[in-house]
1. Just checking, which of Ala543, Ala539, Ala553 is in the same structural domain as Gly602 (by TED's automatic domain parsing), buried (at least 17 other Cβ atoms within 10 Å of the Cβ) and without any contact (Cβ under 8 Å) to a residue 24 or more places away in the chain?
2. Return the only residue of Pro369, Pro320 being part of a loop (DSSP other than H, G, I, E, B) and either under 30 Å from Pro46 (Cα atoms) or among the aliphatic types (A, V, I, L, M) (or both).
3. Condition first: in a loop (DSSP other than H, G, I, E, B) and aromatic (Phe, Trp, Tyr). Now tell me which residues in the range 102-129 satisfy that.
4. From the list Ile224, Ile186, Ile194, which one is assigned to a strand (DSSP E or B) and surrounded by fewer than 20 Cβ atoms within 10 Å (Cβ to Cβ)?
5. Does Leu396 qualify as being touching a residue at least 12 places away in the same chain (Cβ under 8 Å), touching a Cys at 6+ places or on another chain (Cβ under 9 Å), outside any helix (DSSP H, G or I) and more than 30 Å from Glu479 (Cα to Cα)?
6. Kindly establish whether Leu364 is assigned to a strand (DSSP E or B), at pLDDT 95 or above, buried (at least 19 other Cβ atoms within 10 Å of the Cβ) and within 22 Å of the chain's Cα centre (by Cα).
7. Filter the range 36-53 for residues that are outside any loop (DSSP other than H, G, I, E, B) and at pLDDT 95 or above; which is nearest to Ala303 (Cα to Cα)?
8. Name the residues in the range 679-718 that are more than 25 Å from the chain's Cα centre (by Cα), basic (Lys, Arg) and not in a strand (DSSP E or B), would you?
Amino acid sequence: MQANLDGLSPETPYSDGVKIVKVAVAVPLSRTFDYLPRGELKNYHPGCRVVVPFGRSTRIGVVTGTGNTTLVKSKLKAVTELLDPVPVLPADIVELITWAASYYHHPVGEAFATALPVQLRKGSSNEVQRPGAYVVTDAGKETAEVKRAPAQTALLRFIQQSVGAVSAAECRLFDNRWSTTIKPLIKKGLVEKIVADYRPGRAPVSITLNEEQRLASEKIHANIDKYYCALIDGITGSGKTEVYLDVARTVVKSGGQVLVLLPEIGLTPQLVSRFRNALACQVEVLHSGLNDTERMLAWHAAADGSAQVLIGTRSAVFTPMPRLEFIVVDEEHDGSLKQQDGFRYQARDLAMMRARKAAVPVVLGSATPSLESLHNASKGLIDTLYLRSRAAGAVLPKMALIDSRGGDVEQGLSNRLLLQMKQVLERGEQVMVFINRRGYAPVLMCETCTSIEDCSQCDAHMTVHANSGRLRCHHCGAERAIPLQCGSCEASTLINVGMGTERIDEYLSEKFPDNKVLRIDRDSTRRKGELQKHLAMAANGEAQILVGTQMLAKGHNFPLVTLVGILDADRGLFGADFRSVEQMGQLILQVAGRAGRAEKPGTVLVQSRNPEHELLQLLLSDGYSEFAKHLLAERELTAWPPYVYIALLRAESAEKAAASKFLGEIKNLIGSQLAQNSDLAEIKSQLSVLGPAHAPMERLAGRYRSQLLILSKDRKPLHTVLAWLRPTLEMHPSARKVRWSLDVDPYDML
């Protein structure tokens with residue numbers, strides 16, 4: 001039975017009883033590899049890196065254990081070199097990675113590679129030299145401005161406002177030209193460079209909690225020394241961060257460490273500042289905006305215990321922290337916490353598992369919790385802590401739907417929205433205009449023959465980017481110059497159809513010439529440090545009109561914004577993905593939450609072509625809680641997560657039929673296995689295999705995509721089949737003709 005499920009032969013003792021070393025190597029095979037030890041076997045601890053012969057070359061691997069059984073029939077090769085006398089990955093992280101690789105049915109060697117900094121993956125020494133860091137001098141503390149040097153002034157203020165020494169990585173996040181800017185500040189005696197051992201600059205800032213925040217904090221404190229999972233279901237602006245900080249302060253004072261996970265790097269700078277100011281401790285960051293050296297240094301500071309707080313994006317969940325006592329997952333509903341390629345793990349779920357194994361509390365925070373978390377809370381698996389009042393006396397914004405189907409619309413903005421913008425700007429307040437579509441226009445169409453400029457590699461239209469004079473595919477990245485005439489009829493009557501952030505920016509700049517318009521999207525913030533600059537301009541009121549995509553929606557605090565306009569709000573109502581309506585509701589309320597966060601009340605105007613739609617009406621009238629209850633009832637009725645467990649097998653090929661043919665063979669193979677194996681008879685009725693079907697966008701980057709969906713009412717039957725399926729796929733003859741991937745608990749079905 002076991003041999004059949006695993007697709008492997010039983011292990012047998014190695015000849016002469018010689019001990020062997022089990023090594024995880026970063027290759028797409030779901031097993032470890034066996035080697036003879038070089039030197040004493042007792043030196044090979046799980047979590048140590050080794051150099052091993054692999055094929056005609058050598059690879060870096062991670063020791064997972066030792067033993068005296070092997071699948072290898074021929075003579076084993078010996079380890080080339082043991083790189084670490086002490087494991088770089090402690091036992092708890094080795095256990096977490098091994099569990100994650102098993103749960104997501106991913107090659108364990110690739111899972112270990114994901115958890116290591118690039119330099120360690122390449123075999124570099126685990127010893128690091130502490131970098132320099134920067135603090136203001138006494139003279140710098142008294143200096144408000146550097147004359148005729150705005151860049152120096154901005155960097156000086158950034159360091160002044162930070163508690164303790166500021167690292168080079170943080171300076172680079174603030175200003176990508178920081179190394180040039182900081183030299184004259186040092187020469188003028190306003191800033192000094194020190195060894196990067198943390199040195200507090202001032203006493204921690206006090207934290208004031210309202211009654212709801214205090215009760216939530218007390219509940220977490222009461223469970224501080226054991227596994228406890230809480231969902232802080234708090235409306236936007238309710239002060240979830242203050243609760244995190246209050247608990248974190250207790251942990252740090254007792255000598256513990258705190259791990260904070262965020263969905264995106266755009267949220268990192270402001271949260272780092274708040275944690276450093278409130279806790280007066282060493283706070284490190286880990287995200288994709290750092291170079292390899294910066295990531296290594298931050299990882300090492302957390303691993304050796306010198307950093308009391310680590311704030312990072314999803315891969316930070318694997319970072320060693322010897323005194324970890326508290327975990328936070330902020331914006332837990334966000335899809336960015338799920339890795340979408342390679343090792344497809346969900347960082348929120350791994351954070352919960354890490355907390356369970358470490359016996360520490362984990363808090364999930366969101367104003368719009370995921371349906372999975374709400375379902376777990378309803379089953380009593382998660383405690384729910386509610387924050388229903390905005391902090392500091394602020395009130396929730398008033399929300400209204402606007403029908404955008406009629407003629408009362410100018411360049412995508414309704415006259416009602418434009419009139420209210422004018423009134424708000426005259427009062428000296430800010431406006432945010434949200435449209436989740438970057439570029440100038442989503443379609444370039446010939447007015448004569450109605451043909452559309454499409455991507456030659458994808459089933460998608462090219463997006464017009466007028467500022468650069470290019471057409472770009474937002475799916476595969478292909479681009480070309482904007483043509484002067486139609487490729488079909490050669491007419492020169494090409495028109496831009498639809499609106500994007502560039503076009504809205506252009507129109508509003510003309511409509512309100514006395515006000516600065518600031519566009520915040522992936523294009524305008526592409527250069528390193530630009531996002532932080534744009535967010536700073538938005539927060540301090542330097543720009544009065546903010547135009548952007550969902551980069552503006554998540555967790556940012558713009559106290560002067562009192563009006564938010566949401567354009568084309570109902571795109572998710574008719575999406576192909578079963579999560580599209582949930583994501584639409586979350587995005588609308590997250591964007592709406594940017595309005596009226598200070599003492600001035602806010603207004604949100606939501607433009608829709610379907611203002612009478614039941615779900616939009618429910619969301620705006622009754623709020624997210626009732627909206628989510630309705631969606632959960634629908635999910636249960638239609639048998640979608642969280643009421644079933646699913647895995648998605650994807651395949652793609654340059655040949656149109658190859659991917660579907662491969663998945664058809666696999667479906668038949670699954671059916672045969674379930675029918676012929678009597679031990680699996682009891683789970684057969686609990687499984688459904690749907691497909692193969694073309695992906696909603698069948699052709700992407702020149703390859704044709706199909707998918708097979710495996711569903712189960714219970715988790716165990718699904719994983720029993722996947723445990724057999726993964727190694728079977730690796731050995732299947734047709735697998736070499738396609739690219740395939742297995743995604744457990746997929747977030748994106750497209």
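1. Ala539
2. After ruling out the rest, the residue left standing is Pro320.
3. At the first step, the residues of the range 102-129 found to be in a loop (DSSP other than H, G, I, E, B) are 104-107, 116-117, 122-129.
The one that is in a loop (DSSP other than H, G, I, E, B) and aromatic (Phe, Trp, Tyr): Tyr104.
4. Being assigned to a strand (DSSP E or B) and surrounded by fewer than 20 Cβ atoms within 10 Å (Cβ to Cβ) holds for just one of Ile224, Ile186, Ile194, which is Ile194.
5. So Leu396 does not fit the description; no.
6. Considered against the rule, which asks whether it is assigned to a strand (DSSP E or B), at pLDDT 95 or above, buried (at least 19 other Cβ atoms within 10 Å of the Cβ) and within 22 Å of the chain's Cα centre (by Cα), Leu364 comes out as yes.
7. Arg49
8. Hits for the range 679-718 are Lys684, Lys713, Lys716.
The values are calculated or read from the model by the stated rules, or taken from the named source; none is laboratory data. Just so it is clear, the model here is predicted, and its values are computed rather than measured. Neighbour counts are summed over all protein chains in view; Cβ atoms, including those assigned to glycine, are modelled from backbone coordinates with ideal geometry.
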